[in-house]
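Here is the structure we will look at.
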Amino acid sequence: LTDLGVFLDRVTGGSRSERLPAGNDLDEIGKLRIGSNRLFDSLMQRENDILAINRDLKQKSQAFDQLNKDLKAVRNGLEYEIKNRTASLKEANIALASDQEAILNILEDLDLMNNQLKAAQEKLVQSAKMAAIGQLAGGVAHEINNPLTGVLNNIQLIKMELAGKKEC
C-alpha cells in the first residue's frame, strides 16, 4: 500500500514513467498493483492519443495561419492594384471590398472557433486525467474496504465472546 501511495503521488505529480513494482500477483495487493499499472498504461495511451490529435490540430492550425498570411498578402496586393486602377474600375473595387469584409468576418469566426476548440481540448485532457485518477482512487478504496470489513467483523465477534465470558 505504501508503494501504491508513492505511485499515486508521483503520477499526480506528473511522472509518466512510473509503474508499481512486481509482487505476489495472487493476493489482493498484487491484483491491485496489476490493475493500477494497467489503468496507468491505459491513461498514458489515451494521453498519447490526445497528444497526437493535438499535434495534428497544431499542424492544421499552422497551415491555416499560413493560408491566412497568404490571403492577407494577396489582399494587400489587390488593394495596391485597386488604388492604381482607373475610375472605371471603382464599382469592381467596391464589390471586392465587400467580399474582403466577408472573408475577414469568416476568418475572425474561424479564429474564434479554433481558439474555442483548443480550450475545449485542454478541458477534455484535464477531465480525462481527473476521471482516471477518480477511478483509480475508487478502486483502491474498494479493495482496501473489503478486507477491512472482515477484520472489523472479527473484532466485533471477539468483543461479543469476551462480553459473554464476563457474564458467566
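From the set of residues in the range 40-59 that are touching a helix residue (DSSP H, G or I) at 6+ places or on another chain (Cβ under 9 Å) and of a type in the set (D, E, K, R), which is least open to solvent (accessible area, probe 1.4 Å)? The qualifying residue least open to solvent (accessible area, probe 1.4 Å) is Glu47.
When each of Gly139, Gly134 is tested for being surrounded by 10 or more Cβ atoms within 10 Å (Cβ to Cβ) and in contact with a Gly (Cβ under 8 Å, 6 or more places away or on another chain), the lone residue that passes is Gly139. Pairs linking a residue in the range 17-41 that is modelled with pLDDT of 75 or more to a residue that is β-branched (Val, Ile, Thr), with Cβ atoms under 7 Å and 6 or more positions apart or on different chains, are Leu32/Val140; Phe40/Val11.
If you go through the range 44-60 one residue at a time, do you hit one that is of a type in the set (Val, Ile, Thr), modelled with pLDDT under 90 and either assigned to a helix (DSSP H, G or I) or more than 23 Å from Met130 (Cα to Cα) (or both)? No, because not a single residue in the range 44-60 is of a type in the set (Val, Ile, Thr), modelled with pLDDT under 90 and either assigned to a helix (DSSP H, G or I) or more than 23 Å from Met130 (Cα to Cα) (or both). For the range 6-14, the count of residues that are modelled with pLDDT of 90 or more, open to solvent by less than 90 Å² (accessible area, probe 1.4 Å) and part of a helix (DSSP H, G or I) is zero. Per the conditions (1) at pLDDT 90 or above; (2) over 30 Å from Asp41 (Cβ atoms); (3) open to solvent by 60 Å² or more (accessible area, probe 1.4 Å), the sole criterion not satisfied by Ser88 is (1). Here Ala119 does not qualify as in a helix (DSSP H, G or I) and at pLDDT below 90.
The values are calculated or read from the model by the stated rules, or taken from the named source; none is laboratory data. Because the structure is a prediction, the values reported are computed rather than measured. All Cβ positions, glycine included, derive from the backbone under ideal geometry; neighbour counts span all protein chains shown. What goes into the accessible areas is simple: the full protein's heavy atoms, side chains included, and nothing from ligands, DNA or RNA. Shrake-Rupley method; radii C 1.70, N 1.55, O 1.52, S 1.80 Å.
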